[in-house]
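Novice: Below is the structure I would like to discuss, written out as structure tokens.
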Amino acid sequence: MRLYSFRFGCVLAFACFVSITWIKSIPSDGGSTMQTLDQRLLLAEGLAGQVRRDLSSLLEELRNTSKAANISYPISTTTTTNSSIPTETIRQKVGHSGQQTFLQPNIYLYMPHLRQHPDSLLPNVVLGQGRRGVSLVLGIPTVKREKQSYLVSTLRSLLYGLTTLQQQDLLIIVFVAETDSDYVGSIAESIRKNFSKEVQSGMLEVISPSQYYYPDFSGLRETLGDSKDRVKWRTKQNLDFSFLMLYAQDKGTYYVQLEDDVVAKAGYFNTMKTYANQRSQKWLYLEFSQLGFIGKMFQSRDLPMIAEFFLMFHRDKPIDWLLDHILWVKVCNPEKDAKDCDKQKAQLRYRYKPSLFQHVGLHSSLPGKLQQLKDKDFGQQSLFQAHNNPDAELSSSLKHYQAHSLERAYRGQDFFWALTPSQGDYVLFNFTQPIHISRYLFRSGNIETSGDKFTNTTVEVLPKNASARDRLVIGSSSSYKGSDKPFITIGAFENGVAEGEIEEVLQPISALRLLVHSDADVWALLSEFEDHKEEEPTTHTIRPGECAAAPPAGLGMGCPPEG
């Protein structure tokens, strides 16, 4: 900047000097004087043109310098179409219509090493469809762990039980906070394999940082009595959260910070959205867990300010302490006591109970550290739905795990948890007398073990009237398929759930069966059966959602004993 100003001043001084010299040297004779003056005016015009060009060039250089100090970069809003994720992390650039910017002009003051690599703030978007305009954005940073990874279980917990509308109004961003492209690719491939529908719909995104994003951590000063390794760990964590917030700032209305080793309570989506929308007072963040930085909700418009504060002090303190300091800076009066400060901070921070997220990871991302923190306000998860069931003889070729038997589940005392199913395995409900069932629903897995689902498994019924079976199966227009005589296939499990209606022509039903058609890779768990009762007193429908004092009304999980 100083060099440019000096150059500009020299050019102007030289121009003035030459002009004055020419004017003083003008001869006094008439004709030749005018001719000489004309020539010198032409030369002066040429010099003035050169000065204008130099000035324009100087201004252009100044503009470029200003842009460099406030640079913003586009990120990809498209996803990889390959069948597998390459080991080289994918970075895709788009045009101006698809740009997202990191509006942080001061980031170079806090992280000056970024000036050496202009693309160091350009995220590598490995998986994503560029979804925007949702109500909730969930940010999950994940790192390489020496022991166990909890990421897939965390994602399954977050996706469990979401309705179609909720899935369309949600974005989950997984930030792989590593620069090892092979590791980033392996995480992306695991997510694509386990959650292909969610990735394809755009609900799940996977991003990673540039290899130049992180500074040299070797020169960090040890503070707060922490070891060098812990200072490095918490400093990097601050940078990870900041990067994720900056990326998510224009994706939705609310941003919720999570970690990669949590479990979510059923119904968390509606609970958080409703609680946030009902807040009439001004707030900085809402808490849906009392632990650390887990379950903290922010308004997306506040993310740039919050991220800049974290970056400003990323070397000094842990992330949850910095968040509390933002409140102090905003509302606390240093001339008043701590009690008044806490009262003022409470006006910008609201806590929801019971907690919606529980920390489940035992092994911390800090090597050698065991993390046994538990949120006492989380309470107990509902792992099954108790229900009132009709009398039936139960049988199954599946071997149950510990006390999680089919009989206990049928009586409403537990869920049914079986070892890995094989082709030909079955679960049979043989009613003591034929009953009417209008609708069925079987849900496999639960909030804690959402991966233990029935796959390639059909739902079959045995009509009391054998002739009705033959007519339905033989009829050319029938949608029913014959199974082992005399059963009829009426449905199948899709993504762990089987549901449908049973037509009147099949009533009454003597038995109902779940039949496995191929070997599974995981165990199987039945947690819910749902029914819809008909008006007739003799009608029974499968349902687990509520217990009734009336006589048995459907096939489900049984009512728990009173008291």
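Novice: Using a Förster distance of 41 Å, how high is the FRET efficiency between Ser280 and Val360, based on the Cβ-Cβ distance and rounded to 0.05? All intermediate terms of the calculation are to be shown ahead of the outcome.
Specialist: On the way: r = 34 Å, r/R0 = 0.84.
Computed FRET efficiency for Ser280 and Val360: 0.75.
Novice: Let me ask another. Along region 258-263, what does the Karplus equation 6.51 cos²θ - 1.76 cosθ + 1.60 (θ = phi - 60°) give for ³J(HN,Hα), rounded to whole Hz, x for Gly and Pro?
Specialist: Karplus values, whole Hz, x for Gly and Pro: 10, 10, 8, 9, 10, 10.
Novice: A follow-up question, please. Could you compute the FRET efficiency for Asp324 and Arg53, with r as their C-beta to C-beta distance and R0 at 51 Å, rounded to 0.05?
Specialist: Details: r = 56 Å, r/R0 = 1.10.
Efficiency computed from Cβ-Cβ geometry: 0.35.
Novice: Something else about it: For Leu441, what residues show an amide H to amide H distance below 5 Å, using hydrogens built from the backbone and excluding near sequence neighbours?
Specialist: Long-range HN contacts for Leu441: Glu530.
Novice: Accessible area per residue, 1.4 Å probe, Å², for region 119-235: what's the number?
Specialist: Details: 4850 Å² over 117 residues.
Ligands and nucleic acids excluded, the result is 41 Å² per residue.
Novice: Still on this structure: Of Val256, Val497, Val360, which has the most accessible area and how do the rest follow, probe 1.4 Å? Before the final figure, lay out the partial values.
Specialist: Values: Val256 0, Val497 35, Val360 60 Å².
Order by accessible area, largest first: Val360, Val497, Val256.
Novice: Under a 1.4 angstrom probe, counting protein chains only, how are Lys317, Lys336, Lys282 ranked by accessible area, largest first?
Specialist: My answer, sorted largest first, is Lys282, Lys336, Lys317.
Novice: Continuing with the same structure: Roughly speaking, to the nearest percent, how much of region 130-258's 1.4 Å accessible area is carbon and sulfur?
Specialist: In region 130-258, the share of accessible area belonging to carbon and sulfur is 44 percent.
Novice: Can you give the accessible area of Glu393, probe radius 1.4 Å, in Å² rounded to 10?
Specialist: 120 Å²
Novice: Right, another one. Over the heavy atoms of Arg279, what accessible area does a 1.4 Å probe trace out, to the nearest 10 Å²?
Specialist: Rounded to the nearest 10, the figure is 60 Å².
Novice: Taking the Cα-to-Cβ direction at Asp342 and at Tyr183 and moving 7 Å from each Cα, how far apart do the two end points lie in nm?
Specialist: Roughly 4.0 nm, to one decimal.
Novice: Per-residue HN-Hα couplings for region 131-141, Karplus 6.51 cos²θ - 1.76 cosθ + 1.60 at θ = phi - 60°, whole Hz, x for Gly and Pro?
Specialist: Along region 131-141, the couplings run 5, 9, x, 8, 7, 10, 10, 9, x, 10, x Hz.
Novice: If you wrap region 112-359's Cα atoms in a convex hull and average its projection over all directions, what's the area in nm²?
Specialist: 14.4 nm²
Novice: Rounded to the nearest 5, what % of the DSSP beta bridges within region 112-359 are antiparallel ones?
Specialist: Antiparallel: roughly 40 percent of the beta bridges in region 112-359.
Novice: What FRET efficiency would be calculated for the residue pair His113, Val497, taking the C-beta separation as r and a Förster radius of 41 Å, to the nearest 0.05?
Specialist: Calculated transfer efficiency: 0.25.
Novice: Largest first, what is the accessible-area ranking of Trp233, Trp523 with a 1.4 Å probe?
Specialist: Descending order: Trp523, Trp233.
Novice: Heavy-atom accessible area of Asp391 with all protein chains present, probe 1.4 Å, nearest 10 Å²?
Specialist: Surface accessible to solvent at Asp391 totals approximately 110 Å².
The values are calculated or read from the model by the stated rules, or taken from the named source; none is laboratory data. These numbers come from a predicted model, not from an experiment. Cβ atoms come from the backbone with ideal geometry, glycine included; neighbour counts cover every protein chain shown. For the accessible areas, the whole protein counts, side chains as well, though only heavy atoms, and no ligand, DNA or RNA atoms are used. Shrake-Rupley method; radii C 1.70, N 1.55, O 1.52, S 1.80 Å.
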